[in-house]
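A.B. asks: One structure, as structure tokens, below. Some questions next.
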Amino acid sequence: MPKVTASKKELVELLADIDDMQAILLFLSDLLTKSEYEELGKRLQIIKMLDAGFSQREIVEKLGVGIATVTRGSAMMKNQKGGFRHILDTHYE
């Protein structure tokens, strides 16, 4: 598990505590740049597509992301106890 700094912990606790989707959308829009926000969304799509069996090349073509980004997602998915696997198993299956 990565080191959790006080600032990371505060951010995660805040996001977990917000139960209003509109408030989260507004908060993230203010917190992140447009490209950072888009990148986070694409990373989620990458892991969903990898899990669905798409090849890395297909994902690069469909999402317009770099192969290194997809490869990183693929490597992280190999950790069966990691965050990607947990989220996919609890929220998408």
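The values are calculated or read from the model by the stated rules, or taken from the named source; none is laboratory data. This is a predicted model, so every value here is computed, not measured. For neighbour counting, all protein chains shown are included, and Cβ atoms are generated from backbone atoms with ideal geometry for every residue, glycine included. Accessible surface areas use protein heavy atoms only, side chains included; no ligands, DNA or RNA. Shrake-Rupley method; radii C 1.70, N 1.55, O 1.52, S 1.80 Å.
A.B. asks: If you only keep lysine pairs separated by 8 or more in sequence, or across chains, how many in segment 17-90 come under 20 Å at the Cα atoms?
C.D. replies: 7
A.B. asks: Taking only the alpha-carbon positions of the chain and ignoring solvent, what does the Debye formula give for the base-10 log of I(q)/I(0) at q = 0.13, 0.17, 0.26 Å⁻¹?
C.D. replies: So the normalised log intensities are -0.54, -0.92, -1.30.
A.B. asks: Which Cα, out of 21, 87, 70, lies furthest along the positive dipole direction of the chain (beta carbon charges, K/R +1, D/E -1)?
C.D. replies: 70
A.B. asks: Taking a probe of 1.4 Å, how large is the accessible area per residue of the chain, in Å²?
C.D. replies: On a per-residue basis, 77 Å².
A.B. asks: Using the Cα centre of the chain as the reference point, and only Cβ charges (+1 on K/R, -1 on D/E), how large is the resulting charge dipole? Debye, rounded to the nearest 20.
C.D. replies: My answer is approximately 580 debye.
A.B. asks: Measure off, as a whole percent, the carbon and sulfur share of the 1.4 Å-probe accessible area of the chain, all protein chains present.
C.D. replies: C and S fraction of accessible area: 58 percent.
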